[in-house]
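Reading through the structure tokens given below for one structure.
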2 protein chains.
Amino acid sequence: MLAAPINPSDINQVEGVYPIKKKPQEYVDADSGEKLMGYIGGNEGVAQVVKIDSAIKDEIKVGDWVAPRYPGSLGTWSEYAYADVEDLVRIRPAETNEIDNKSESSTIASAKTAKMITPEDLSTVKVNGSTAYRMLSDFMQAKKDGKQEDQYVIQNGANGSAGQYVIQIAKELGLKTINVVRDRENFEETKAQLCKLGADIVIKDSELVAGNKSPSDTYLQVLALSKKGLIKLGINCVGGGIKNKTGSIEMAKMLANKSYYVTYGAMSKLPLVIPASFLIFKDIRFVGFWVSQWYVEQPVPKWQEMWQDLGRMIAENKLKPQPMNPIAWPTVSTTANTSSSPQTENTKQSIMGILFPTSVDGTKKTTAKNYFKFY
Amino acid sequence: MLAAPINPSDINQVEGVYPIKKKPQEYVDADSGEKLMGYIGGNEGVAQVVKIDSAIKDEIKVGDWVAPRYPGSLGTWSEYAYADVEDLVRIRPAETNEIDNKSESSTIASAKTAKMITPEDLSTVKVNGSTAYRMLSDFMQAKKDGKQEDQYVIQNGANGSAGQYVIQIAKELGLKTINVVRDRENFEETKAQLCKLGADIVIKDSELVAGNKSPSDTYLQVLALSKKGLIKLGINCVGGGIKNKTGSIEMAKMLANKSYYVTYGAMSKLPLVIPASFLIFKDIRFVGFWVSQWYVEQPVPKWQEMWQDLGRMIAENKLKPQPMNPIAWPTVSTTANTSSSPQTENTKQSIMGILFPTSVDGTKKTTAKNYFKFY
């Protein structure tokens, strides 16, 4: 693996509280040689293919960057692993990486602004980046063609990971954004950060809820765009109201007739309260989006097309990948063969991962950790 | 006009409380010859074309049954009227009526079960019949093809006008219906009536709300269909919950993943309360339907195709038109020329309608009525 993030859902899985459970397998402890039951943590990440079975066609090549196709099919917190080709999906072809490597010395003007894409950049686009990309691509009824007036997207939770991707990808698609954030002490700082990413308008949730009764200047600005029918898509990660107020519905009120209002999160844990008139007379379509389900339903070439486009935006410095705190691979005394050409012959292998043991009867042990060897 | 219904919205318009106002015009009182300001009531109905301007092409022919194209463009409570061809839409071609007239003496077997379509039959399909037809046609994700298991539609307000059309049209489309009705003393009677129309399951709202806590046999039957993923469409005219309970959402709970939940009415006047999980994980699409808007957006041939199909169902005794209490045309002393070839030359005409006068300054008078002559 080149990079594998630690997501909250990975932790939940280790804790045994996630709906998708992994099946424990037998491993050998790297230090003691003891046999242990457990599984390797981590559900997403980017790996480079170092060796492939000769029977496999040109679908995946040595040098390609790949990701696990199904969440949970492969513990990504490991240095090397065997995987069936059906369990992998190419996230970036080997050739593309070569182009990247050459571009630094290239004389092409555009190459000057390009950055090299790192495995870390791509290790998280599969969830938040792709969620933002799809919502903007699949539910926007009208797109800007350069002649029309500006088209706006309104979203809440704008300072979240997906929200930040929405701002940047919308900009790239020629759309403007109205970004709703919760009230906070450092609002001006948050606003400045989002504007730096390309946000057009940043508004506090309380300004939206106060609405017509005590309108702020920003509220009046949003209302004017709403009255002109220019707010064409709502993106909601809050779910229903903020406490007892229907803040997320104030957002829906701003939408042009026939817009989609897409819910992809429910941070408030409250249901949406929707007046029937929004449905019948404004024809607002309240729908949901869940990227995991999207991957289940769509063919792999469509995944790759999206990732390629996201990769292009990153390379052109138009998309700043999700920030992360790097954690170095832990050093253990009995590290296995970690050279660039590891033993990958037959079924015997000596590589390293992080094991989350379960007892042999399958019940979870949430605290213990072991480094292990595949065998 | 051959038939023109009196709808609640017509009454509201006469009372001056409907959002769409008609512009008062000057008329002559049939008895006194006095000039009056007012407008002719009635927004829908079926008329037969008796004479047309020679300049008009074959789009509309003498003998065709027509309806006003735009609500309010023509007062339908009148015996004869001039209209621009752009303000009319053909609801049934003259030829079809001739076929009907012949069919009684026809030897074709199918003609035995066929009934003659009357103007009354068609005078109301434009609203309730078409609403039911479109919701079943446009939002049903999977249709029965004879091989699959039965596919179900769940609706509330099933004993309403649109609800009764839903039952019958669904049956014709090969779909089964689960019909939710409010608790009432004569429930068994209502149930029997709906079953006679073709309802498959009739369930009280209270049974649905009580749900898993005290399940009735009918609830368990519906739940079993839900678990098999066979309930593919929700049709809602109630809006949000019954009192403080979310009865309409209990209905949404029964839907298969990716189903549409279409709201076309809001009898409860309460907003819908939608858990975010229905949107994100079940991918239920909460949308609205308003037939007036559908007519605005769709080309006339699509209207006619639908009406033709509804007419066929009526003729084949598969669709019972909305029941109505007929009111005879009032007899007045100075009836105008009502022979089959009225004077329709130039702009002078002597025909009869019902006038709802307004004062000359445009304020409404809700009680006065006058019969009048066009002049």
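Values in this text are rule-based calculations from the coordinates and carry no lab data. As the structure is a computational prediction, the values presented were derived from the model and not from experiment. Because the Cβ atoms are built from the backbone with ideal geometry, glycine has one as well, and the counts that use them run over all protein chains shown.
Mind ranking B:122-132, A:179-189 by how tightly packed they are, going by the mean number of other C-beta atoms within 10 angstrom, highest first?
Going by the mean number of other Cβ atoms within 10 Å, highest first, we get B:122-132, A:179-189.
Near A:Asn159, within a Cβ-to-Cβ distance under 14 Å, what is the net charge of the other residues, with Lys and Arg +1 and Asp and Glu -1?
My count for the surroundings of A:Asn159 gives +1.
Each copy carries B:Asp87; placing its label point 7 Å along the C-beta direction from Cα gives inter-copy distances of 7.4 nm, listed from smallest up. All other residues whose Cβ lies under 11 angstrom from that of B:Ile231 are scored, Lys and Arg at +1 and Asp and Glu at -1, for a net of +4. Spatially, region A:126-141 and region B:290-332 are offset by 42 Å when compared through their Cα centroids.
Label positions at B:Ala94 and B:Lys196, each projected 7 Å from the Cα along the C-beta direction, are separated by 4.0 nm. Label-point distances for B:Lys51 to the equivalent site in the other copies, using a point 7 angstrom along Cα→C-beta, read 9.7 nm when ranked shortest first.
Over region A:144-231, the Kirkwood radius and the radius of gyration, each from Cα atoms, give a ratio Rg/Rh of 0.96.
Take the Cβ-Cβ distance between A:Lys115 and A:Gln221 as r, set R0 to 35 Å, and report the resulting FRET efficiency rounded to the nearest 0.05. Walk me through the numbers before you get to the answer.
On the way: r = 34 Å, r/R0 = 0.98.
The pair A:Lys115/A:Gln221 has a calculated efficiency of 0.55.
Once region B:125-294 is represented by equal point scatterers at the alpha-carbon sites, with solvent omitted, what log10 I(q)/I(0) does the Debye formula produce at q = 0.10 Å⁻¹? With no solvent term, the Cα-only Debye profile gives -0.32. Model label sites at A:Asp309 and A:Met267, defined 7 Å from Cα along the beta-carbon direction, differ in position by 2.6 nm. Residue pairs exceeding 29 angstrom between C-alpha atoms, taken from B:Lys61/B:Lys115; A:Lys232/B:Lys23; A:Lys227/B:Lys22; B:Lys61/B:Lys302; A:Lys258/B:Lys282: A:Lys232/B:Lys23.
Shown is the FRET efficiency for A:Asn325 and B:Glu316, computed with R0 = 45 Å from the Cβ-Cβ distance and rounded to the nearest 0.05: 0.05. Highest mean packing first, where packing is the average number of other Cβ atoms within 10 Å per residue, the peptides A:261-267, B:211-217 line up as A:261-267, B:211-217.
Region A:155-220 and region A:246-288 have Cα centres spaced 18 Å apart. Here the extension length gained between B:Lys61 and B:Leu2 equals 19.6 nm, from 0.36 nm per residue of separation less the Cα-Cα distance.
For the rotation that carries chain A onto chain B, the axis lies closest to a Cβ at A:Phe286, 2, where the number is the distance in whole Å. Inter-copy label distances at B:Lys228, using a point 7 Å along Cα-to-Cβ, come to 5.5 nm with the shortest given first. Per residue of peptide B:281-294, the mean number of Cβ atoms on other chains within 10 Å of the residue Cβ is 5.
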